[in-house]
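Read through the structure below, which is laid out as structure tokens, and then see the notes.
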Amino acid sequence: MTAQGITLAGRERRVAAPGLTLEGRGVLEERALFGPLTLALPAGRWTCLLGPSGAGKSTLLRLIAGLSTAVRLEGTVRAEDSAPLAGRIAYMAQTDLLCPWLDVLGNVTLGARLRGERPDSARARALVDAVGLAGREAARPAALSGGQRQRVALARTLMEDCPVVLLDEPFSALDARTRAEMQALAARLLAGRTVLLVTHEPGEAVRLADRLLLVERGGLSDMPLPDAPPPRAPDDAGTLAAQGRLFRALLGEGAPA
Amino acid sequence: MSAAPGLARRLAPAGLAGLGMLALWQGVVWAAAPPPFILPGPEAVVRALGGNARLIGGHALATLWEVLAGLVLGAGFGAATAVALALSRPARVLVMPVLVLSQAVPVFALAPLLTLWLGYGMLPKVAMAVLIVYFPVASAFLDGLMRTDPGWLDLARMMRARPARVMWHLRIPAALPALASGLRLAAVYAPIGAVIGEWVGASRGLGYLMLLANGRARIDLMFAALLVLVLLTLTLRLAVGALCRRLG
């Protein structure tokens, strides 16, 4: 499984991943909600947006994705290679969004079916293998655990083979151990892509981020990260210290120790 | 193998309820002793059923065909309408009020008109069944199609899916349980439509036989025809239920 995963990750890495920039103001019912701000996603890196619920992290992600939100963006979202973004962004949400009537392989190849293309089932099988579900290709989602379902969702995201990947709290519904496994797996399989991860969990952000931004009161602030490259060990002293600083920042000044 | 005990378990309460009603019926007949041309007892009805098996069977077959044709056509039109309306917002805005308004017309009142237009054959009965089945199916299915998980639609959008394919691969499969509840209603409604059609003017069918028996004070025969109609409806409802479970 590991060898397969590495070849896959290696093959995927050849996709040229552009950096991405969102610039502008968010307007909700004619009132400014955030900005003007600039959110730059460095090419081929993981950018994490960390903030409490309701801070607008997911709104920023949806604006980049071009998905409908109540907030209107007065500004632009563009790739640094100036090519259009449509069709180059894959999306993974907090819920697995698996179709209960399709088996694992059917779910992984959903995108091809929705576009009317012939699904590349050899590649789908390799990806199912890479996320550690070899042998479960014919299983229905109801027969899988929450962690396994999110693995299928990750394989479906990889199947789209997009240079930009948006992750909207994809691991937040998982238990601690499954979450740590999924983080490591995603870091390995999405290496080389431009990734935006929205999360409310400081530990997750510190583990995975190349660039970490705190979302607060309609603004973004860069947070320092340990020197070690991601994915960082969750029990590493540097990771833990950074996580502690983040907690402080999240709680705000003068918060109880 | 495991389906049979499951079916038995599901049917057992219905069987008990049936027996209870039978006991009540027999009890009333024993206690009040009404003349047989007002309320015959279960025994007399069973005797009428046995003595007229061929007669009742022939009429039941006529009704069965009307009901099946009405059910298939009505469900087909209803489902197609739901998909068309779900795909097109202008169509929803234009057609929905017409559909809702059409439900204010009592279908029963249309039966004489349908007979006038379509004659005394099978056609007006099928048309009645279609009319009575169409709306519950269209309405339940449309409801399901309009409730697709927005997360799926986001995903489909990111996958650059075509609307027709989103309909076929996501929205329709996700709405099948809603369609199933419409079909279960339809299975019970369709015989009502057929029988009303037969009452207005027919030469065949259980509804016709009931009127005929009533006119000749053969109340036992009328009850026998009614009993067969109930059994026919129940069987249809069970068959549609089994079909829906396989769909889901």
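Points worth noting:
- GNM flexibility winner over chain B from B:Ala138, B:Ala60, B:Ala217 (Cα, springs under 10 Å): B:Ala217
- The phi-based Karplus calculation (6.51 cos²θ - 1.76 cosθ + 1.60; θ = phi - 60°) puts the 3J(HN,Hα) values of the range A:30-40 at 6, 10, 5, 9, 8, x, x, 9, 10, 10, 9 Hz, whole numbers, x for Gly and Pro.
- Contour minus Cα-Cα distance for A:Ala184 and A:Arg245 (0.36 nm per residue): 19.7 nm
- Orientation-averaged projected area, Cα convex hull of the range A:190-250 (nm²): 4.2
- Translational diffusion coefficient (Stokes-Einstein; Kirkwood radius from C-alpha pairs) of the range A:114-192 at 10 °C, 1.306 mPa s, in µm²/s: 119
- Equivalent ellipsoid semi-axes - Cα gyration tensor, the range B:37-247, angstrom: 40, 19, 12
- Each distinct pair of alpha carbons in the range A:86-140 adds a 1/r term; the inverse of their mean, the Kirkwood radius, is 12.0 Å.
- Under a Gaussian network description of chain A, with springs only between Cα atoms under 10 Å, the residue in A:Arg62, A:Arg177, A:Arg136 that fluctuates furthest is A:Arg177.
- The orientation-averaged shadow of the Cα convex hull for the protein assembly as shown, equal to a quarter of the hull surface, comes to 33.9 nm².
- Principal axis extents of the Cα atoms in chain A, from largest to smallest and rounded to whole angstrom, are 53, 42, 33.
- For the range B:1-64, convex hull volume per residue from C-alpha positions, Å³: 132
- When chain B is treated as a Gaussian network with alpha carbon springs shorter than 10 Å, the biggest mean-square fluctuation among B:Val100, B:Val130, B:Val188 belongs to B:Val100.
- Convex hull volume per residue for the range B:19-129, taking Cα atoms only, in Å³: 186
- Chain A - mean residue ellipticity at 222 nm from DSSP helices (-39,500 (n - 2.57) per run, n ≥ 4, rounded to 500): -10500 deg cm²/dmol
- Sparse-neighbourhood loop sites, GluC sites (Glu not before Pro) in the range A:175-238 - DSSP loop, at most 16 other Cβ within 10 angstrom: none
- Chain B: DSSP helices with Cα axial extent of at least 18 Å and average Kyte-Doolittle hydropathy no lower than 1.6: B:123-145, B:219-247
- Where N is the number of residues in the range A:126-257, Cα Rg divided by 2.2 N^0.38 Å: 1.15
Read the figures in this text as sums done on the coordinates, not as results from a lab. Bear in mind that the values here come from a model prediction, so they are computed numbers and not experimental data. Cβ coordinates were reconstructed from backbone atoms using ideal geometry, including for glycine residues, and neighbour counts include every protein chain displayed.
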